[in-house]
Amino acid sequence: MPKTTVALLFGGKSSEHEISIISARSIARAIDTRYYSVIPFYIDRNGRWFCKGIAEAILDMDLADLMRSSSREQAETTLRSIAETSGQSLFDFNFPALGVDVAFNVLHGTYGEDGRVQGLLDTLGIPYTGCGVAASAVTMDKALTKLCAEDAGIATTPGITLLTPDYHTDPELIHEMIENRFGFPVFVKPASLGSSVGITKVTCREELAGALTLACSLDCKVLAEATITGKEIEVAVLGNDEPLASLPGEIQPGSDFYDFEDKYIRNSAKAFIPARLTEQLIGEVRMKAVAVYRALGCSGMSRVDFFVNEKTGSIVLNEINTIPGFTDISMYPKLFEASGIPFDTLIDRLIRFALEKSDIPRN
C-alpha cells in the first residue's frame, strides 16, 4: 500500500514563528513513517517558501534548546542567516509534482491560523489539517470569537474592543474608560495573536499606556478584559462532525499569568491533568468545549481555554486556538495522551480527519 505524502508547513510570518518550528519538529519525529512520507516546507518571516533543503536543516535544529539556553533573538538571527545564505531556490507551489496528498499545517498565528493559508490550500485543492477558512478567520479574532460564543450561550470574559486608530486619537479617553469599566488589574491583549504574545497584566493606571501601546503596535484591534477569578483550564478537541473533548488540564502559571516566557522559555508553569476539579465540573467544561467548537464551525482540532471558579461553579471562555502547539510542553498533545490517544495516533487521526473533510462540501 503506497504511503500518504504529507506536506508539513511551518515557520511563517507571525510572531509565533519559532514555536511553529518547534511544533513541526515534534510532529516530524512522531509521525508513523510506515504510512506517511513527510515533505517539509519552511516559510520564512518574509513569506518565502522553501521545500526540503533548508526546511530539513531547520527541523534538525533543537530550536527550543537554543531559545532556552541563549535567547529568542539569537534563534531569530540564526534562522534568518540560514534562509539568506543558502542560495536555495524558492518553492514554485507545484504540489502535484511532489505527489502531495495532504498538508499538515503547523503555521501558528497570522498568515497560518487565520484562514489565509487555508484559502490558498483550498484553491490549490490540497486537503489540510485543522479548521477551514471561515472558522480559522473568526477564531483568530478574539472579539469575534466572543460574539459567536455568547450567541451560543457560552459565558465569556467581560471586556471591551478597541481599534488602534481610536486609541492613538485620544489615549486618555481610552485610559479613563478602561479604569471606570474594570478597575485594576486588567488584561490588555492584541485581538489576533496567540502564544500570549503582546498580553500585559495591568495593575494600575500608570501601566495602561505602555500595555496599550504594545498591543496596538501588534494589531489593529485590541481587547481590554476584566480579571477573572478561577483556575485556567484547557480542553483539547479533536474531530469533524462528531468532535471528541479530552480530559481537561489545569495550568498553574509560574508568574502573574501564563505568558510567552512562562510557556516557552522558563517553562515554570505547572500542569495538572486531569484538572483539579470535581467530576461534575470536568463533565461540564468538556461539554462547553464541544459547544464552543461547534458554534464556531471548527473541524480537525482546537484547544479551548476557560476560567473555572470552583466556588461559584462558573465556566467562562477565555479563548480558542485552532492550531495549538505541538511542542514538548504543549497541552494539546498532553491532554489527549492523558485521554488515551498517544502523540503518534493523534497525528494519524488529524491527517485522517483532514482527508475526510476534503470529501465533504464545506464553507
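Overview of values
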quantity: Residues being more than 15 Å from Glu179 (Cβ to Cβ), part of a loop (DSSP other than H, G, I, E, B) and modelled with pLDDT under 95 - total across segment 196-240; calculated: 9
quantity: Conditions (1) farther than 12 Å from Ala224 by Cβ; (2) touching a helix residue (DSSP H, G or I) at 6+ places or on another chain (Cβ under 7 Å); (3) aliphatic (A, V, I, L, M); number of the one not met by Leu147; calculated: (2)
quantity: Qualifying position, being crowded, with 18+ Cβ neighbours inside 10 Å, at pLDDT below 95 and within 20 Å of the chain's Cα centre (by Cα), among Asp262, Asp305; calculated: Asp262
quantity: Any pair with Cβ under 7 angstrom, 6 or more apart, that starts in segment 175-195 at a residue that is more than 19 Å from Gly325 (Cα to Cα) and ends at one that is in a loop (DSSP other than H, G, I, E, B) and of a type in the set (A, V, I, L, M); calculated: Phe187/Ile199; Lys189/Ile199
quantity: Residue within segment 70-84 that is assigned to a helix (DSSP H, G or I), under 25 Å from Ser302 (Cβ atoms) and open to solvent by less than 40 Å² (accessible area, probe 1.4 Å) present; calculated: no
quantity: Some residue of segment 115-128 being closer than 23 Å to Ala236 by Cβ and open to solvent by 30 Å² or more (accessible area, probe 1.4 Å); calculated: no
quantity: Test: residue in segment 205-212 that is within 29 Å of Ser330 (Cβ to Cβ) and more than 21 Å from the chain's Cα centre (by Cα); calculated: yes
quantity: Residue that is surrounded by the fewest Cβ atoms within 10 Å (Cβ to Cβ), among those in segment 45-57 that are touching a strand residue (DSSP E or B) at 6+ places or on another chain (Cβ under 6 Å) and closer than 14 Å to Leu107 by Cβ; calculated: Trp49
quantity: Which listed residue, of Gly109, Gly87, is in a loop (DSSP other than H, G, I, E, B), surrounded by fewer than 20 Cβ atoms within 10 Å (Cβ to Cβ) and either among the aliphatic types (A, V, I, L, M) or modelled with pLDDT under 95 (or both); calculated: Gly87
quantity: Whichever residue in segment 58-69 is within 21 Å of Ala103 (Cα to Cα) and open to solvent by 10 Å² or more (accessible area, probe 1.4 Å) and, among such residues, is farthest from the chain's Cα centre (by Cα); calculated: Asp60
quantity: Residues of segment 218-229 satisfying the condition of being surrounded by 20 or more Cβ atoms within 10 Å (Cβ to Cβ) and among the small types (Gly, Ala, Ser); calculated: Ala224
quantity: Residues of segment 202-217 satisfying the condition of being surrounded by fewer than 18 Cβ atoms within 10 Å (Cβ to Cβ) and more than 19 Å from Phe184 (Cα to Cα); calculated: Ser217
quantity: Among (1) assigned to a helix (DSSP H, G or I); (2) open to solvent by 10 Å² or more (accessible area, probe 1.4 Å); (3) of a type in the set (Gly, Ala, Ser) - the single one Gly297 does not satisfy; calculated: (1)
quantity: All positions within segment 1-39 that are open to solvent by less than 10 Å² (accessible area, probe 1.4 Å) and assigned to a strand (DSSP E or B); calculated: Val6, Ala7, Leu8, Leu9, Phe10, Gly11
quantity: From Ala289, Ala354, Ala269, residue being in contact with a Phe, Trp or Tyr (Cβ under 8 Å, 6 or more places away or on another chain), of a type in the set (A, V, I, L, M, F, W, C), modelled with pLDDT under 95 and open to solvent by less than 60 Å² (accessible area, probe 1.4 Å); calculated: Ala269
quantity: Which listed residue, of Leu193, Leu121, is of a type in the set (A, V, I, L, M, F, W, C) and assigned to a loop (DSSP other than H, G, I, E, B); calculated: Leu193
quantity: Residues satisfying the stated conditions in segment 130-156, i.e. surrounded by fewer than 23 Cβ atoms within 10 Å (Cβ to Cβ) and either assigned to a loop (DSSP other than H, G, I, E, B) or free of Cβ contacts under 8 Å to residues at least 40 places away in the same chain (or both); calculated: Gly132, Ala137, Asp141, Leu144, Leu147, Glu150, Ala152, Gly153, Ile154, Ala155
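The values are calculated or read from the model by the stated rules, or taken from the named source; none is laboratory data. Computed from a prediction, not measured in an experiment: that's the story for all the values here. Note that we place each Cβ from the backbone using ideal geometry, even for glycine, and neighbour counts take in every protein chain shown. We work out accessible area using only protein heavy atoms, side chains counted, and drop any ligands, DNA or RNA first. Shrake-Rupley method; radii C 1.70, N 1.55, O 1.52, S 1.80 Å.
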